[in-house]
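Here, each number is a calculation from the coordinates, and none is a lab measurement. As the structure is a computational prediction, the values presented were derived from the model and not from experiment. All Cβ positions, glycine included, derive from the backbone under ideal geometry; neighbour counts span all protein chains shown.
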Amino acid sequence: MKVGQEQIKMMPPIDASEIPWVSLASTSAPERRRNNIENVLKTNLSMPLAEVVILNTSLELEPDALALLPNALPLGPLVAPTSRPAGHFLPEDLASLAWLDAQPAGSVVYVAFGSSGFLDATQFQELADGLALSGRPFLWVVRPDFTIGAGQDQFDLDAFRRRVEGKGLVVGWAPQQRVLSHPAVACFMSHCGWNSTVEGVLHGVPFLCWPYFADQFCNQSYVCNVWGTGAKLRRDERGVVAKDEVQSKVAWLLGDEGVKARAVAWKEAACGSIREGGSSHGNLLKLVSLLRQQ
């Protein structure tokens, strides 16, 4: 398919070092990387053969990308009901909601890296120190297996909890949608997995982007370069996001009214797409009609 400049004007720019199949190299064995590439190629060849391709996105969020897939049927943003747990790997710590209730509106930095993200001990320490230095209340999700590699036991998480008591809360897992919809939350420090990205957009929360691999870098580019609803956390010469970077980006993001306004605008666009009469709502009705015809 020939792609012209007009078609890709709103598709996100990607740094060459962050192309999905390149970034896979740092997290996967060569065989797994090759398998991932082969699966993507196989999927791409199969997609034009499908009558429709159901996607968790909307025409408003990705108009130019969706234009390149004529049989796309975007139904999103799709999110699970908040009334009960769905698809969670760990028990939710509901104490986080009571803690949020006690925080000022628009003050809390919510930090969560999904079910598979991880940090080594050095990076863990830098992030912890950066959150403490930010001076902002924070809710940090730290899974039991969140740190890896040599020296992973050097960080005393219990001592850190005591150090930030009254200012920060560390939990093993949180009810993310309920957290993101809470008025106390000011921003979302995220690995930019697509589910988390969509949930953040749907709730109008600005992002601090910390991607690891694969599509997460593309999602970061949507947030920072297309939607204008967040900032990229940059690594230093060690390959580490330093505590000063965390502190400065938190201060910048929470002080930028333009980012906040754009986050609210994209929230309205995302919510509008799934309301009755919205683009995704209309596509859902099309899908129901197609299924009835089978």
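If you wrap a convex hull around the alpha carbons of region 95-270, what volume per residue comes out, as a whole number of Å³?
Considering the Cα atoms of region 95-270, their hull volume per residue is 109 Å³.
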Over the Cα atoms of region 128-228, how large are the radius of gyration and the largest Cα-Cα distance (Dmax), in Å?
14.6, 40
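Lys and Arg at +1, Asp and Glu at -1: add these up for the other residues within a Cβ distance under 13 Å of Asp215 and post the number.
Details: positive: none; negative: Glu18, Glu62.
Result for the neighbourhood of Asp215: -2.
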Which of Val240, Asn225, Gly200 sits farthest toward the positive end of the charge dipole of region 189-254, with +1 on the Cβ of Lys and Arg and -1 on the Cβ of Asp and Glu?
Val240
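Only four residue types carry charge here, +1 at the Cβ of Lys and Arg and -1 at the Cβ of Asp and Glu. Report the dipole size of the chain about the Cα centre in Debye, rounded to the nearest 20. Display every interim value, and only then the final one.
Working: 26 positive and 30 negative charges, 82 e Å.
The calculated dipole for the chain is roughly 400 debye.
When ranked by the protection proxy of mean other Cβ atoms within 10 Å per residue, highest first, what sequence do the peptides 253-265, 221-233 form? Intermediate values should be presented prior to the final figure.
On the way: 253-265: 15.3, 221-233: 21.8.
In descending order of packing, they fall as 221-233, 253-265.
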What does the charge add up to near Arg235, with Lys and Arg as +1, Asp and Glu as -1, over the other residues with Cβ less than 11 Å from its Cβ?
-1
By how many degrees, between 0 and 90 and to the nearest 10, does the Cα long axis of helix 257-274 differ from the longest principal axis of the chain?
40 degrees
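Any of Lys232/Lys267; Lys42/Lys260; Lys260/Lys286 with alpha carbons more than 29 Å apart? Name them for me.
From the list (Lys232/Lys267; Lys42/Lys260; Lys260/Lys286), the Cα-Cα distance tops 29 Å for Lys42/Lys260; Lys260/Lys286.
Taking the Cβ of Gln176 as the center, what net charge do the other residues with Cβ under 12 Å away carry, scoring Lys and Arg +1 and Asp and Glu -1? Let's see the in-between values first.
Values: positive: Arg178; negative: Glu92, Asp93, Glu199.
Around Gln176, the charge tally is -2.
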Going toward the positive end of the dipole of region 95-270, with +1 on Lys and Arg Cβ and -1 on Asp and Glu Cβ, which of Ala98, Gly258, Val142 do you reach last?
Gly258
If we restrict to alpha carbons, what Rg and Dmax does the chain come to, in Å?
19.8, 62
Distance in nm between Thr122 and Glu237 label points, each 7 Å along Cα→Cβ, equals 1.3 nm
Dividing the mean separation of Cα pairs under 8 Å (6+ apart) by the residue count of the chain yields a relative contact order in percent of 23 percent
Against the longest principal axis of the chain, how steep is helix 30-46, in degrees 0 to 90 to the nearest 10, with axes from Cα atoms?
30 degrees
Fewest to most Cβ atoms within 10 Å: Thr57, Thr197, Thr122, Thr43 sort as Thr43, Thr122, Thr57, Thr197
Residues Val170, Val205, Val240 arranged by fewest to most Cβ contacts within 10 Å
Val240, Val170, Val205
